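Q: Below you will find the structure I want to go over with you.
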Amino acid sequence: MKTIANCISEIIANKPYLEEVLSLKIINYSSLAQHLNTQVEEMLGKPVKSGAILMALRRYSSPSDTKKSMRLQEVLSAMGDITVRSKLIVFTFQNSLTLIKNHAALLNSVGQNPHVFYTFSRGIHESTLIISSSERENIEKYFRNEMTLNFQENLSAISIRLPNGNSTVSGLYYQIFKRLAWEGIALSELISTTNEFIVLVEDHLVDRAFSIIKKLHHPI
């Protein structure tokens with residue numbers, strides 16, 4: 001049988017920002033209880049007093065309090081170099097029988113140039129190519145017969161070196177996404193390898209995004 005505590009846990013699980021302010025005890029519990037009253041009543045199918053919800057909120061204990069995770073703080077503090085590459089463009093193509101062949105032709109053209117930023121990711125239905133804007137003519141030549149689903153320009157990539165073992169630490173990417181989201185910074189693309197994480201943002205946002213990510217070296 002579902003209880004008020006169960007409802008509160010389910011609601012908070014879907015709202016990570018709410019979980020964090022609760023763990024920091026910087027929220028008005030009474031106002032929050034009143035705000036959640038209707039939702040809890042709908043989940044239980046019966047009237048619920050705000051006082052009971054207030055009590056459940058005060059007793060709530062996060063199953064994964066990332067704020068107090070020493071391992072997470074160690075990884076954030078151990079992050080390596082943060083580098084920025086500007087003048088990037090993004091093409092998204094619909095997958096086709098010829099796409100990989102054209103991709104190989106492009107690689108043969110730019111593969112020996114260490115100054116070209118290049119990454120290619122293939123999904124089930126579409127593929128995205130991120131590359132230095134200096135190669136735009138080559139892209140339009142090699143992929144001229146492909147269906148372009150999206151194109152973006154004036155982008156910059158912020159690359160973050162992560163320490164070994166980062167993939168076993170829960171909440172790491174959440175910390176990055178959360179702080180960027182709080183500052184209203186939208187991410188155009190995401191790229192990750194085992195020990196490197198790259199976010200793509202519009203050029204006018206790169207300075208703010210870089211500053212926010214740099215501060216992750218010293219989590220509060």
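The values are calculated or read from the model by the stated rules, or taken from the named source; none is laboratory data. Keep in mind it's a predicted model, so treat the numbers as computed, not measured. Note that each Cβ is placed from the backbone with ideal geometry, even for glycine, and that neighbours are counted across all protein chains shown.
Q: With the requirement that a residue be touching a strand residue (DSSP E or B) at 6+ places or on another chain (Cβ under 9 Å) and part of a loop (DSSP other than H, G, I, E, B), what does the range 115-131 give you?
A: The first filter runs over the range 115-131 and keeps only residues touching a strand residue (DSSP E or B) at 6+ places or on another chain (Cβ under 9 Å), leaving 115-122, 125-131.
Answer for the range 115-131, where residues must be touching a strand residue (DSSP E or B) at 6+ places or on another chain (Cβ under 9 Å) and part of a loop (DSSP other than H, G, I, E, B): HIS115, VAL116, PHE117, HIS125.
Q: Another question, if that's okay. Being basic (Lys, Arg), assigned by TED's automatic domain parsing to the domain that holds HIS103 and touching a residue at least 24 places away in the same chain (Cβ under 8 Å) narrows it down to one of ARG144, ARG179, so name that one. Outline the logic, then answer.
A: Working: ARG144 fails: touching a residue at least 24 places away in the same chain (Cβ under 8 Å).
Of the residues listed, the single one that is basic (Lys, Arg), assigned by TED's automatic domain parsing to the domain that holds HIS103 and touching a residue at least 24 places away in the same chain (Cβ under 8 Å) is ARG179.
Q: Same structure again: For the subset of the range 189-203 comprising residues that are surrounded by fewer than 17 Cβ atoms within 10 Å (Cβ to Cβ) and either of a type in the set (Phe, Trp, Tyr) or at pLDDT 95 or above (or both), which member is nearest to the chain's Cα centre (by Cα)?
A: Restricting attention to the range 189-203, the residues satisfying the condition of being surrounded by fewer than 17 Cβ atoms within 10 Å (Cβ to Cβ) are 190-196, 202-203.
Cutting the leftovers down to either of a type in the set (Phe, Trp, Tyr) or at pLDDT 95 or above (or both) gives us 202-203.
Working: GLU202: 15, ASP203: 18 Å.
In this case the residue turns out to be GLU202.
Q: Next up: Please tell me if GLU42 is out of contact with any strand residue (DSSP E or B) (no Cβ under 6 Å at 6 or more places or on another chain), at pLDDT 85 or above, part of a helix (DSSP H, G or I) and acidic (Asp, Glu).
A: yes
Q: Just wondering, is there one or more residues in the range 163-173 that are assigned by TED's automatic domain parsing to the domain that holds ILE191, closer than 22 Å to ILE198 by Cβ, in contact with a strand residue (DSSP E or B) (Cβ under 6 Å, 6 or more places away or on another chain) and free of Cβ contacts under 8 Å to residues at least 60 places away in the same chain? Quick ask: steps written out before the conclusion?
A: Step one: list which residues in the range 163-173 are assigned by TED's automatic domain parsing to the domain that holds ILE191, which gives 163-173.
Those left that are additionally closer than 22 Å to ILE198 by Cβ: 163-173.
If we keep only those that are in contact with a strand residue (DSSP E or B) (Cβ under 6 Å, 6 or more places away or on another chain) too, we end up with none.
No, because not a single residue in the range 163-173 is assigned by TED's automatic domain parsing to the domain that holds ILE191, closer than 22 Å to ILE198 by Cβ, in contact with a strand residue (DSSP E or B) (Cβ under 6 Å, 6 or more places away or on another chain) and free of Cβ contacts under 8 Å to residues at least 60 places away in the same chain.
Q: Anything in the range 1-60 that is of a type in the set (Asp, Glu) and exposed (fewer than 12 other Cβ atoms within 10 Å of the Cβ)? List them, or say none. First the steps, then the outcome.
A: Going through the range 1-60, the residues of a type in the set (Asp, Glu) turn out to be 10, 19-20, 41-42.
Residue satisfying the conditions is GLU42 alone.
Q: Looking at the structure I just gave you, is LEU107 farther than 23 Å from THR83 by Cβ and outside any loop (DSSP other than H, G, I, E, B)? Break it down stepwise before answering.
A: Working: farther than 23 Å from THR83 by Cβ: no; outside any loop (DSSP other than H, G, I, E, B): yes.
No; evaluated as a whole, the condition is false for this residue.
Q: Considering only residues that are over 29 Å from LEU99 (Cβ atoms) and small (Gly, Ala, Ser), which ones fall in the range 141-166?
A: Answer for the range 141-166, where residues must be over 29 Å from LEU99 (Cβ atoms) and small (Gly, Ala, Ser): just GLY165.
Q: Going by the conditions given, is THR119 touching an Asp or Glu at 6+ places or on another chain (Cβ under 8 Å), of a type in the set (Ser, Thr, Tyr), within 20 Å of VAL199 (Cα to Cα) and surrounded by 13 or more Cβ atoms within 10 Å (Cβ to Cβ)? If you could, list the steps in order and put the result at the bottom.
A: Details: touching an Asp or Glu at 6+ places or on another chain (Cβ under 8 Å): no; of a type in the set (Ser, Thr, Tyr): yes; within 20 Å of VAL199 (Cα to Cα): yes; surrounded by 13 or more Cβ atoms within 10 Å (Cβ to Cβ): yes.
The answer is no for THR119.
Q: On to the next question. Going through the range 136-185 one residue at a time, which ones are in contact with a helix residue (DSSP H, G or I) (Cβ under 8 Å, 6 or more places away or on another chain), of a type in the set (D, E, K, R) and loosely packed, with under 14 Cβ neighbours inside 10 Å?
A: Those that are in contact with a helix residue (DSSP H, G or I) (Cβ under 8 Å, 6 or more places away or on another chain), of a type in the set (D, E, K, R) and loosely packed, with under 14 Cβ neighbours inside 10 Å: GLU153, GLU183.
Q: Now, a different point. Only one of LYS101, LYS87 is surrounded by fewer than 13 Cβ atoms within 10 Å (Cβ to Cβ) and either assigned to a helix (DSSP H, G or I) or not aromatic (Phe, Trp, Tyr) (or both); which?
A: Values: LYS87 fails: surrounded by fewer than 13 Cβ atoms within 10 Å (Cβ to Cβ).
Step by step, each of LYS101, LYS87 is checked, and only LYS101 is surrounded by fewer than 13 Cβ atoms within 10 Å (Cβ to Cβ) and either assigned to a helix (DSSP H, G or I) or not aromatic (Phe, Trp, Tyr) (or both).
Q: Checking the conditions here, which among LEU107, LEU149, LEU129 is farther than 30 Å from LEU18 by Cβ and free of Cβ contacts under 8 Å to residues at least 24 places away in the same chain?
A: On the way: LEU149 fails: free of Cβ contacts under 8 Å to residues at least 24 places away in the same chain; LEU129 fails: free of Cβ contacts under 8 Å to residues at least 24 places away in the same chain.
Answer to the check: LEU107.
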